[in-house]
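For reference, the structure discussed in these notes is given below.
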Amino acid sequence: MLYINNLNVELENEKKKILNGVNLDINAGEVHAIMGPNGSGKSTLSYVLSGKDGYRVTEGSATFEGREILELSPDERASLGLFLAFQYPVEIPGVGNMTFLRTALNSQRKSRGVEELSAAEFLKIVREKAKNLKIDAEMLKRPVNVGFSGGEKKRNEILQMAMLEPKMCILDETDSGLDVDAMKLVAEGVNALRSKDRSFLVITHYQRLLDHIVPDVVHIMADGKIIKSGGADLALEVENNGYSDLLAEYN
């Protein structure tokens, strides 16, 4: 589904290299996790895949369902089925949550040649999905993420993901700042979306999230590249021993 080959990336304004030949293959239905110390390039990878400004690809490719995406705009990538859940979801004052969700959903449906949802159809679907995520109906009426707690912002992003039903979901440290209960709730929302046709790339510092979102493959990232891959037990190894042994092995 997503194939990354020798991806090299630098900061656009500083010409500072961040990614140094990332190789990664994620098949349909798989959940991959990326762990690594601060500054290893984990979040940069998610930003580059989603099309965030400020980065320059100097070498390599990233194909999603056979299509090169690095030259596409962020909205084109989203229309193909790529979704990024941010570490720090932004607030959008003046834009109602319901308006935002319906506009985003119908925009994608239109780009795919699918009939847009009526207000009544949308309302029925969003209320059902919000209820499953334990999102209060009042939250849907408020501006996007304005005044939301950290847990509410993350649940709101999972609601966006549930509504858009992307094929490839990238979660950039979605457990950051969450207490145990909020993390479990977010993980339940993610697990409910797992399917043979939908893949996940979960970026995290901590193994605790992977207790709830059990990955098929765990990758360790350092110095802008993936230095080791393995099963879910690799995350436990990191939890128990830290990164020092793996970094020493790599160096």
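Would you mind stating whether ILE213 is in a strand (DSSP E or B), among the β-branched types (Val, Ile, Thr) and in contact with a helix residue (DSSP H, G or I) (Cβ under 8 Å, 6 or more places away or on another chain)? Can you show your working first?
Working: in a strand (DSSP E or B): no; among the β-branched types (Val, Ile, Thr): yes; in contact with a helix residue (DSSP H, G or I) (Cβ under 8 Å, 6 or more places away or on another chain): yes.
No: the conditions fail for ILE213.
Hey, any hits in the range 35-46 for a residue that's within 27 Å of GLY113 (Cβ to Cβ) and under 17 Å from the mean Cα position of the chain (by Cα)? No, the range 35-46 contains no residue that is within 27 Å of GLY113 (Cβ to Cβ) and under 17 Å from the mean Cα position of the chain (by Cα).
Considering the range 80-121, and only residues there that are crowded, with 17+ Cβ neighbours inside 10 Å and among the small types (Gly, Ala, Ser), the residue that is farthest from VAL144 (Cα to Cα) turns out to be GLY81.
Go through the range 102-135 and report how many residues are part of a helix (DSSP H, G or I), hydrophobic (A, V, I, L, M, F, W, C) and within 20 Å of ASN156 (Cα to Cα). Qualifying residue count for the region: 8. So ALA130 passes all but one of these: (1) closer than 24 Å to ALA187 by Cα; (2) more than 20 Å from the chain's Cα centre (by Cα). Which condition number does it fail? Among (1) closer than 24 Å to ALA187 by Cα; (2) more than 20 Å from the chain's Cα centre (by Cα), ALA130 violates only (2).
In the list ASP216, ASP211, which residue meets the criterion of being closer than 29 Å to LYS129 by Cβ, touching a Gly at 6+ places or on another chain (Cβ under 9 Å) and surrounded by fewer than 20 Cβ atoms within 10 Å (Cβ to Cβ)?
Numbers: ASP211 fails: touching a Gly at 6+ places or on another chain (Cβ under 9 Å).
Within the list ASP216, ASP211, the selection yields ASP216.
In the range 32-79, of all residues being of a type in the set (Phe, Trp, Tyr) and assigned to a strand (DSSP E or B), the one that is surrounded by the fewest Cβ atoms within 10 Å (Cβ to Cβ) corresponds to TYR55.
Based on what the data block shows, is ASP175 touching a Lys or Arg at 6+ places or on another chain (Cβ under 8 Å), within 30 Å of LYS134 (Cβ to Cβ), crowded, with 22+ Cβ neighbours inside 10 Å and acidic (Asp, Glu)? When the stated conditions are applied, ASP175 passes them. Of everything listed in (1) under 28 Å from LYS196 (Cβ atoms); (2) part of a strand (DSSP E or B), the single unmet condition for ASN8 is (1). Of all the listed residues (PHE122, PHE200), the sole one being at pLDDT 85 or above, over 19 Å from ALA104 (Cβ atoms) and among the aromatic types (Phe, Trp, Tyr) is PHE200. Scanning the range 141-163 for residues that are part of a helix (DSSP H, G or I), among the aliphatic types (A, V, I, L, M) and out of contact with any Lys or Arg (no Cβ under 8 Å at 6 or more places or on another chain) yields a total of 2.
The values are calculated or read from the model by the stated rules, or taken from the named source; none is laboratory data. Since the structure is predicted, the reported quantities are computational estimates derived from the model, not experimental observations. Using ideal geometry, Cβ is built from the backbone for each residue, glycine included, and neighbour counts are taken over all protein chains shown.
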